[in-house]
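Worksheet: the structure to be examined is printed underneath.
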């Protein structure tokens with residue numbers, strides 16, 4: 001590795017130069033293009049973790065420069081225009097929530113810093129500096145997302161003849177800040193949460209998520225067709241977790257499509273929730289069917305993640321949890337895993353219950369066969385909260401003598 005203080009020969013016009021930049025912790029490759037009319041040195045740069053990677057990028061850069069010399073790409077086409085056009089034209093068929101997420105990230109992290117830059121003048125050095133600054137405030141995953149938005153926006157511009165080169169492909173994304181670690185409810189907290197706002201939809205939602213391990217994106221599109229509150233045909237009450245809010249209803253992983261038995265408490269709560277919903281339909285003169293959403297909004301549509309999160313935090317506040325606004329609904333799932341683990345359930349079993357890829361063998365489903373219901377989580381949750389209830393009963397009873 002060559003130290004940045006080591007002297008290097010000045011590259012001649014059109015000649016490659018590769019050197020180690022200690023401040024950026026990567027190799028920099030440059031092609032000298034002579035001087036501007038103002039006498040300022042004109043060069044284009046790329047960066048990479050190895051010299052081989054930089055040489056490859058320089059080779060591709062030269063090809064693009066040759067193409068650009070005869071290109072009719074607009075001289076004043078900006079990064080802001082490229083991003084706006086990609087958001088408007090390049091995301092057809094995507095979920096509205098996904099498009100809005102991209103728009104917010106672009107508005108907050110791309111446009112303010114790079115929006116005014118002309119696309120044909122944008123250099124890898126500019127993006128390296130931008131990403132380094134953003135790494136101080138964004139988590140690694142968010143950093144990768146904003147970089148991806150820029151890269152895809154420029155690719156969209158290339159396909160429409162508004163850009164020749166994509167400098168976003170020449171830079172590496174540094175590590176960002178560590179994301180906020182997930183929290184888990186203690187057994188005492190979980191018991192308090194399960195007693196809060198009983199008789200409401202958010203209580204039923206929390207019970208299903210905390211005691212069965214259903215993801216929030218799986219609970220929001222759930223219909224009564226897939227919730228079986230009565231035992232029958234040799235199976236106990238269970239929920240078929242077969243769809244999510246993802247595009248086309250796809251599940252997060254192949255193993256996410258599963259059927260999960262409900263603990264006794266969850267089955268009772270879901271049955272009561274179903275009865276209330278049916279009564280509401282009858283009172284309003286509407287016909288109820290199994291295809292109704294389990295947790296519909298006031299207008300009958302699917303609830304948004306934001307709506308669920310707000311109601312969840314109200315429930316947590318009523319349950320007496322401090323800093324209720326710092327919790328998210330996905331932490332019901334981490335709590336589910338933690339409670340099972342604390343109860344001694346093997347990690348392989350937990351992975352199978354929550355639908356994670358890469359651990360254990362899941363049951364294969366054949367045509368005309370009944371999908372097996374995974375019961376371990378339900379049995380454990382019955383035991384966990386039965387013992388918690390017994391412990392609380394002993395604490396509340398007056399001591400003898």
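Given 183, 162, which one is out of contact with any strand residue (DSSP E or B) (no Cβ under 7 Å at 6 or more places or on another chain) and under 25 Å from residue 305 (Cβ atoms)? Full working, then the answer.
Values: 162 fails: under 25 Å from residue 305 (Cβ atoms).
Checking each option against the conditions leaves just 183.
Restricting the range 79-102 to residues that are outside any helix (DSSP H, G or I) and without any contact (Cβ under 8 Å) to a residue 24 or more places away in the chain, the residue that is nearest to residue 165 (Cα to Cα) is 91. Just one of (1) at pLDDT 90 or above; (2) in contact with a helix residue (DSSP H, G or I) (Cβ under 6 Å, 6 or more places away or on another chain) fails for residue 165. It is (1).
Provide a single number: the residues in the range 152-170 that are assigned to a helix (DSSP H, G or I) and over 20 Å from residue 29 (Cα atoms). Full working, then the answer.
The first filter runs over the range 152-170 and keeps only residues assigned to a helix (DSSP H, G or I), leaving 152-159, 167-170.
Filter again for over 20 Å from residue 29 (Cα atoms), leaving 152-159.
Looking only at that region, the number is 8.
When the criteria are applied in full, residue 192 fails the requirement of being assigned by TED's automatic domain parsing to the domain that holds residue 321, out of contact with any strand residue (DSSP E or B) (no Cβ under 6 Å at 6 or more places or on another chain), buried (at least 20 other Cβ atoms within 10 Å of the Cβ) and assigned to a helix (DSSP H, G or I). Whenever a residue of the range 310-322 is at positive phi, its partners that are in a helix (DSSP H, G or I), lying with C-beta atoms within less than 8 angstrom and at least six residues away or across chains, give the pairs 320/192. Taken together, 344, 300 contain a single residue that is touching a strand residue (DSSP E or B) at 6+ places or on another chain (Cβ under 8 Å), at pLDDT 65 or above and loosely packed, with under 12 Cβ neighbours inside 10 Å, which is 300. Of all residues in the range 124-144, those that are surrounded by fewer than 16 Cβ atoms within 10 Å (Cβ to Cβ) and not in a helix (DSSP H, G or I) total 3.
Of all the criteria given as (1) modelled with pLDDT under 90; (2) assigned by TED's automatic domain parsing to the domain that holds residue 110, the one not satisfied by residue 177 is (2).
The values are calculated or read from the model by the stated rules, or taken from the named source; none is laboratory data. None of the values given here were measured: they were computed from a predicted structure. Glycine gets a Cβ as well: all are built from the backbone with ideal geometry, and neighbour counts include every protein chain shown.
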